[in-house]
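The values are calculated or read from the model by the stated rules, or taken from the named source; none is laboratory data. Please read all numbers here as calculations on a predicted model, not as lab measurements. Cβ: placed from backbone, ideal geometry, glycine included. Neighbour counts: every protein chain shown.
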Amino acid sequence: MHVLNGEANGLVPDDDGPQLVEPGVWRIPLPLPFALREANVYLIGGADEWVCVDSGLGTPEGDAALRAGLERAGITVERITTLVLTHAHPDHIGLAGLLHAVSGAPIHMLAAEAERLFRVWGDPDLTALTRADAFLAANGMPTADVALIDRANRSVRRAIHLPPEDAISPLADDEHIRLAGMDYRAIWTPGHSDYHLCLLREDGLFIAGDHILPRITPNIGLYPDARPNPLQDYLDALARVRDLPVRLALPGHGLPFADLAGRVDALRAHHAERAAQTLALLAAAPAGTDAYQLAVDLFEGRLRTPDDHRFAVAETLAHLEALRAQGQVERSEHAGHFLYAATAAAAVAIDHSY
Ligand SMILES: [Zn+2]
């Protein structure tokens, strides 16, 4: 899930539909009721097997689009032999339970991401999300917006069909696995989610998930009960994949693309610029300010829905925490409300950023 993608987001053509990317590889876009519009499922065939990568959001429209896409590829759900989940966000896991129930396919994902999948979405009270809401409030989000986010979380939950826990066949970082007749290497790429998975096939096909997207910046957000410096994780994980021998990357949203290194460099430049903007805003507020106000200033009127605000605040916090780890920003707490301010060291470090 990501921020700031207007209805006409330029990410995909208006008449987007199932597409044969190359022999044996189908891209099946599933509709999303968010500004992002679509999430990709990939269907990869070979050696009498069919690997399904990610599973969209489990709305009736998503389910119908997936079935139509499979039909277009000449198969049915029963023929799927393996399901791979790049990460446990709702728009990638929604139909996993239904696909598993019909096909019996094992589900590969990193073990710690599977743990999170069941901890967050398997809890009928959505305790983890309620804690995330309280965290947003402590960082300045107005309570009316927090209430709307809570409502949205509950409606998203209804579009997630969880698989049973014993359907998970966990992968480890750097593990090699044979799927549809080819060797794949699992690559842990934290940042967008803590245990996000990319996979590199022996012939240079790269399953990118939401680690690297072609037209938009993946949302890198700080959340409670998660790794403490997701932006640094992300930058490290970009370095990890930049020079892999990739000929074609298959992203979780948008169209497949070839220039992985170029896209990595653009994402690095974006975050360096955002860090500099964050420091400049903090320099103008010596008494300190909260992440919500910073997000409103950084995103300058582009935030419309409560969801936009949520992702913008989480992303701003990821920047603030990366800067704090570098000694450029400090945080203080006043009656449960967090304020951030630049340190004296920030002024000299501003043009190094990261
Ligand atoms: Zn995601």
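The criterion of at least 2 residues that are modelled with pLDDT of 95 or more and either in contact with a strand residue (DSSP E or B) (Cβ under 9 Å, 6 or more places away or on another chain) or of a type outside the set (D, E) (or both) is met, among helices (runs of 4 or more DSSP H) falling completely within the stretch 253-354, by 260-283, 291-299, 306-325. Checked against (1) in a helix (DSSP H, G or I); (2) assigned by TED's automatic domain parsing to the domain that holds G221, L244 meets all criteria but (1).
Within the stretch 170-216, the set of residues being within 16 Å of the ligand (Cβ to nearest atom) and small (G, A, S) comprises G191, S193, A208, G209.
Looking at D225, is it farther than 18 Å from L11 by Cβ and either away from the ligand (no atom under 15 Å from the Cβ) or not in a loop (DSSP other than H, G, I, E, B) (or both)? Judged against the criteria, D225 is a match.
Close contacts from the stretch 174-200, counting a first residue that is within 14 Å of R116 (Cβ to Cβ) and a second that is within 16 Å of the ligand (Cβ to nearest atom) and small (G, A, S), with Cβ to Cβ under 7 Å and a gap of 6+ residues or different chains, come to P190/A237; S193/A88; D194/A112; D194/A226; Y195/A112; H196/G209; L197/G209.
Taking the conditions (1) more than 30 Å from T127 (Cβ to Cβ); (2) touching a residue at least 60 places away in the same chain (Cβ under 8 Å) in turn, A284 satisfies each one other than (2). Looking for something surrounded by fewer than 21 Cβ atoms within 10 Å (Cβ to Cβ), modelled with pLDDT of 95 or more and hydroxyl-bearing (S, T, Y) - is there at least one such residue anywhere in the stretch 160-176? Checked against the condition, which is being surrounded by fewer than 21 Cβ atoms within 10 Å (Cβ to Cβ), modelled with pLDDT of 95 or more and hydroxyl-bearing (S, T, Y), the stretch 160-176 yields at least one hit. For D236, state whether it is within 23 Å of D91 (Cα to Cα), more than 16 Å from the ligand (Cβ to nearest atom), at pLDDT 95 or above and assigned to a helix (DSSP H, G or I). Answer is no for this residue. Output yes when any residue across the stretch 33-41 is within 16 Å of the ligand (Cβ to nearest atom) and surrounded by fewer than 18 Cβ atoms within 10 Å (Cβ to Cβ), and no when none is. Yes: one or more hits.
Output the residue which, of all residues in the stretch 71-82 that are in contact (Cβ under 8 Å) with a residue 40 or more places away in the chain and touching a strand residue (DSSP E or B) at 6+ places or on another chain (Cβ under 7 Å), is nearest to P31 (Cα to Cα). Within the stretch 71-82, the match that is nearest to P31 (Cα to Cα) is A73.
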